[in-house]
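Coordinate-derived values only; no laboratory data. Since the model is a prediction, treat every value here as computed from it, not as a measurement. Neighbour counts are summed over all protein chains in view; Cβ atoms, including those assigned to glycine, are modelled from backbone coordinates with ideal geometry.
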Amino acid sequence: MQNGVTQKEFYEAIEKVTRETNALAVTMTETKTLIRDYNGLRQFISDIDDRVQRLEDYACSKKEYREYMGWIVGCVATILAIISYFS
């Protein structure tokens, strides 16, 4: 019986480790790409969320403006009615 490793077995083991290392490098590159894309998507969603918030704020302020305009027109009409009644 032989206790040592032959050169062929050693070479095959080194080749196997090399293939596994190359496969791991490819997987790591794919993972890096996915993480980059995910981070870009998160930034895009954050930007869209900010834009939606600004639009909602603008719509809310516009709605308040319209409500005040109704009150102002109503008050002016009431004042004109009172003035025309006493004239």
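Tabulated results
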| item | result |
| --- | --- |
| Binned Cα-Cα distances of the chain, short to long, each 5 Å bin given as a whole percent | 3, 11, 7, 7, 6, 6, 7, 5, 6, 5, 4, 5, 4, 4, 4, 3, 3, 3, 2, 2, 2, 1, 1, 1, 0, 0 |
| In Å, descending, principal axis extents of the Cα set of the stretch 19-61 | 63, 6, 5 |
| For the chain, with +1 on Lys and Arg beta carbons and -1 on Asp and Glu, the positive-most of ALA81, GLY40, THR6 along the dipole | ALA81 |
| Neighbour-count order for PHE86, PHE44, fewest beta carbons within 10 angstrom listed first | PHE86, PHE44 |
| Equivalent ellipsoid, the stretch 45-87 (semi-axes from 5 times Cα gyration tensor eigenvalues, Å) | 42, 4, 4 |
| Residue-by-residue Karplus 3J(HN,Hα) for the stretch 76-87, coefficients 6.51, -1.76, 1.60, Hz, glycine and proline x | 4, 5, 5, 4, 5, 5, 5, 4, 5, 5, 8, 7 |
